[in-house]
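Following: one structure in structure tokens, then a few remarks.
The values are calculated or read from the model by the stated rules, or taken from the named source; none is laboratory data. All of these numbers come straight from a predicted model, not from anything done at the bench. When we count neighbours, we look across all protein chains shown, and the Cβ atoms used for this are built from the backbone with ideal geometry, even at glycine.
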Amino acid sequence: AAKEEGRNTYRLFALDMNEKVSKFVWLDTNLRKAISEGQFELHYQPKKNLKTGKTESVEALIRWNSPERGLISPLEFIPYAEESGLIVPLGKWVMEEAARQAGKWKQQGLKIRIAINLSARQLRSPELINEFKKALLRENIFPSMLDLELTESCLIEDELLALNLIKEFSDLGAEVHLDDFGTGYSSLSHLARLPIDSIKLDRSFIHSIHNDIRAQRLLRSMVAVAQELELQVVAEGVETQDQLEFLRGIGVDHAQGYLFAKPMRVAELEVWMTHSSTLKSVA
Ligand code: C2E
Ligand code: MG
Ligand code: MG
Ligand code: MG
């Protein structure tokens, strides 16, 4: 699994029982402190618009830069942060940091949106929308400069709450994307009811394209449903040219994956953007 998670993944512990316990204890001792000390960084992974060839947005993906253990993957600590509730202050930091970066890029004349991931637990925080608005005001950016990625689990826990929040974000002008689509307790009715802008096809489907005709058919059907509902379709985890050709062929609008770029620090991303020469400048 570590291989599948890619180059940016650093395993904290193997998964036998004792190590699970010591991982829990280590996280329990260190995560809160890490939040107050600001030991996190956002890496950004481009999403390519397949129709225009341009990079219009990047996804912010958190990493923990631990003085003790180095760079730690979100897969290692987000589940614990969700369980413990620490995802609320951590998610607030992510939102503020992404807004800061969006403000910087706006000042530099770069036209690029940032997508942030939200956990179900964050939706239950009554402060979420206000913190979002405050972050925008502070950085002098528009709601349309930040996209929100929600997973289906966000919708299951409290559907009405999720519906209202998605409406609020959407009324403000922020795009809402349904992440890891097809893996959760997908209910197609969500798609018709929620004012979302796009679905992100989970990378497990993309991974199977080359040898699994059923995955291909499923993808084709999901795209057809999305198109009927006038939703954009994003494919995540695109690693090969063959996958890209297939996805393009079935009408996928945007793609993200190691084929284009891995998640990068800001400096590296800025170099990448200059070289990829796919970026529109507002100026
Ligand atoms: P996600 O939102 O579905 O993000 C996509 C994950 O796929 C990222 O892993 C990304 O690095 C990885 N990926 C991108 N392209 C490829 C590819 O071509 N091949 C493969 N094998 N993997 C690819 P990452 O950065 O480890 O993040 C894992 C998950 O952690 C995210 O899944 C998201 O659910 C969660 N996460 C990350 N940052 C945040 C955050 O700020 N807040 C919250 N609540 N969750 C976050
Ligand atoms: Mg995501
Ligand atoms: Mg995803
Ligand atoms: Mg995913």
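For region 64-80, taking the residues that are without any contact (Cβ under 8 Å) to a residue 60 or more places away in the chain and touching a Lys or Arg at 6+ places or on another chain (Cβ under 9 Å), the one that is nearest to ligand 1 (Cβ to nearest atom) is identified as Pro74.
Look at (1) over 17 Å from Phe132 (Cβ atoms); (2) in a helix (DSSP H, G or I) and you find that Ala98 fails only one, number (1). Could you run through region 154-184 and say how many residues are out of contact with any strand residue (DSSP E or B) (no Cβ under 9 Å at 6 or more places or on another chain), surrounded by 15 or more Cβ atoms within 10 Å (Cβ to Cβ) and among the polar types (S, T, N, Q)? Matching residues across region 154-184 total 0. Tallying residues that are hydrophobic (A, V, I, L, M, F, W, C) and within 16 Å of ligand 3 (Cβ to nearest atom) within region 179-197 yields 2.
Conditions (1) at pLDDT 95 or above; (2) of a type in the set (Phe, Trp, Tyr); (3) within 15 Å of ligand 4 (Cβ to nearest atom); (4) touching a helix residue (DSSP H, G or I) at 6+ places or on another chain (Cβ under 7 Å), marked per residue:
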position: Val234; (1), (2), (3), (4): yes, no, yes, no
position: Thr240; (1), (2), (3), (4): yes, no, no, no
position: Arg248; (1), (2), (3), (4): yes, no, no, no
position: Tyr258; (1), (2), (3), (4): yes, yes, yes, no
position: Met264; (1), (2), (3), (4): yes, no, no, yes
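Look at (1) under 14 Å from Val266 (Cβ atoms); (2) of a type in the set (Asp, Glu); (3) surrounded by fewer than 21 Cβ atoms within 10 Å (Cβ to Cβ) and you find that Glu59 fails only one, number (3). Checking every residue in region 270-278 against the condition of being part of a helix (DSSP H, G or I), polar (S, T, N, Q) and either more than 21 Å from the chain's Cα centre (by Cα) or buried (at least 20 other Cβ atoms within 10 Å of the Cβ) (or both) gives at least one match. Restricting attention to region 67-96, the residues being among the hydroxyl-bearing types (Ser, Thr, Tyr) and touching a helix residue (DSSP H, G or I) at 6+ places or on another chain (Cβ under 7 Å) number 2.
Residue by residue, here is whether (1) within 16 Å of ligand 4 (Cβ to nearest atom); (2) in contact (Cβ under 8 Å) with a residue 40 or more places away in the chain; (3) basic (Lys, Arg); (4) not in a strand (DSSP E or B) holds:
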{"position": "Gln45", "(1), (2), (3), (4)": "yes, yes, no, no"}
{"position": "Glu82", "(1), (2), (3), (4)": "yes, no, no, yes"}
{"position": "Leu90", "(1), (2), (3), (4)": "no, yes, no, yes"}
{"position": "Trp93", "(1), (2), (3), (4)": "no, yes, no, yes"}
{"position": "Asn117", "(1), (2), (3), (4)": "yes, yes, no, no"}
